[in-house]
Amino acid sequence: MVDLSTRYLGLTLPSPVAASASPLSDSIDTLKRLEAAGVGAVVLRSLFEEQIVHESLDLHELLEQWTESYLEAQSFFPALPEHSTRPAAYLEAIEQARRELSIPVIASLNGITPGGWTRYARQIEEAGAHALELNVYFVAANANETAESVEARYVDIVQAVRDVVRIPIAVKLSPFFTALPAVARRIAAAGADGLVLFNRFMQPEIDLESLTVVPTVRLSTPAELALPIRWIAILRGCGVDVSLAATSGVHEPADVLKALLAGADVAMMASALLIHGPEHVQGVVRGVEDWMRERHYDAVRQMVGSLSHATSPDPAAFERSNYLKALVSYSGAAGAPWSG
Ligand SMILES: Cc1cc2nc3c(=O)[nH]c(=O)nc-3n(C[C@H](O)[C@H](O)[C@H](O)COP(=O)(O)O)c2cc1C
């Protein structure tokens, strides 16, 4: 019997596959289907700083107000389908998920300033969330905003939230840091118990007909997992003592296995579940279990980090040498007319 349980943020999860924040968490029925299919935890869709600041509005109304106020904002703020994301409804959703699920329920706050909204974390804790994920979705598009001030933003928000809650905090990180291990260390020192790699920035599309920028949600492909895996392997080996979650490109059992071997405590899925439905988890968990049994692993904890940089004396040199090896080993695209 393979032990699929894992430890994440000090919690025991029955399985290393979790549902990351997405519209799937809007319905308790879907959350129950995810649990029945084998997820070890669920992250609820985010409650946004903007919603808390404008307490009486839900996200849909908030965006409508903005688009009315600022004509140019129409290019940036999509009309969202109606869903109950008012702060009060969010707390009720946490309470209901706690009542009806037996797996850990992780709430998510999404904001970019260390303002008064962070106090809402206390109410999230009181509503029963087992943990809180902080998503600092910030694009540094101002030439006066330095790397130092972007990092301080994360640290200040984590500190503000740590001051008001005792539940574990995970921080969903952007991949765009110059020196990620140092940032991870600062965020951990500010009170984070875990890091979620990586936040997936929505890429805008340019419409050549209307000459407008169209915000687009492109679901991920497994190719995107390579980036989180590289950094999870580095962070697992660099002495920052935090839980690690992989998100972006986890679709199949092989993706979960790679994330765990690199050092993730849990692999999170959103796109694959939106494409295939909650029951997709069943096959993923079964695939992980089968692979482990074939290779005589008894427990997930035996695998976590076994291919991380923990035993590498110089991870930066290792990365550089792998880069050179990869370039040298390239022998032409298969089938290309010049590839002999
Ligand atoms: C439609 C949609 C809505 C999402 N909403 C949130 C959200 O509210 N908060 C958040 O932190 N991430 C959100 N995400 C990001 C996912 O949780 C996940 O990190 C990202 O999609 C990468 O994982 P994937 O490759 O499995 O999709 C959303 C993703 C999608 C596709």
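No lab work stands behind these numbers, since they all come straight from the coordinates. Predicted model only: the values in this text are computed from it and were never measured. Cβ coordinates were reconstructed from backbone atoms using ideal geometry, including for glycine residues, and neighbour counts include every protein chain displayed.
Residues Glu209, Glu289, Glu55, Glu319, ranked from the fewest to the most other C-beta atoms within 10 Å, line up as Glu209, Glu55, Glu319, Glu289. Shape verdict for segment 102-203, please, from the Cα gyration tensor: rounded (a/c under 1.5), prolate (a/b greater than b/c) or oblate. Judged from the Cα gyration tensor, segment 102-203 comes out prolate (a/c at least 1.5, a/b above b/c). What are the aspartates and glutamates whose alpha-carbon lies under 13 Å from the alpha-carbon of Lys258, with same-chain residues fewer than 8 places away excluded? Hits, sequence-local ones excluded: Glu224. Eigen-decomposition of the gyration tensor built on the alpha-carbon atoms of the chain gives equivalent ellipsoid semi-axes of 31, 26, 22 angstrom, largest listed first.
With 10 angstrom as the radius, rank Lys32, Lys258 by how many other C-beta atoms surround their C-beta, starting from the fewest.
Lys32, Lys258
When only Cα pairs below 8 angstrom with a gap of at least 6 residues are kept, the chain shows a relative contact order of 18 percent. Considering only the Cα atoms of segment 274-321, their convex hull presents on average a projected area of 5.6 nm². Between the listed residues His296, Ile234, Val214, the Cα displaced farthest toward the positive end of the dipole of segment 155-300, a dipole computed from Cβ unit charges relative to the Cα centre, is found at Ile234.
I need the calculated FRET efficiency for the pair His296 and Ile275, taking r as the beta carbon distance and R₀ as 35 Å, to the nearest 0.05.
With a Förster radius of 35 Å, E is 0.60.
Of Arg295, Arg33, Arg45, the residue with the greatest mean-square motion in the GNM of the chain, using alpha carbon springs below 10 Å, is Arg295. Across segment 115-126, rounded Karplus estimates of 3J(HN,Hα) from the backbone phi angles (6.51 cos²θ - 1.76 cosθ + 1.60, θ = phi - 60°) give x, x, 4, 5, 5, 4, 4, 4, 5, 5, 5, 5 Hz, Gly and Pro being marked x. Projected onto their three principal axes, the Cα atoms of segment 198-280 cover extents of 50, 32, 17 Å, largest first. Rounded is the label for segment 210-340, because a/c, from the alpha-carbon gyration tensor with a ≥ b ≥ c as root eigenvalues, stays below 1.5.
Estimated from the Cβ-Cβ distance and a Förster radius of 35 angstrom, the FRET efficiency linking Ser5 and Ala179 is about 0.55.
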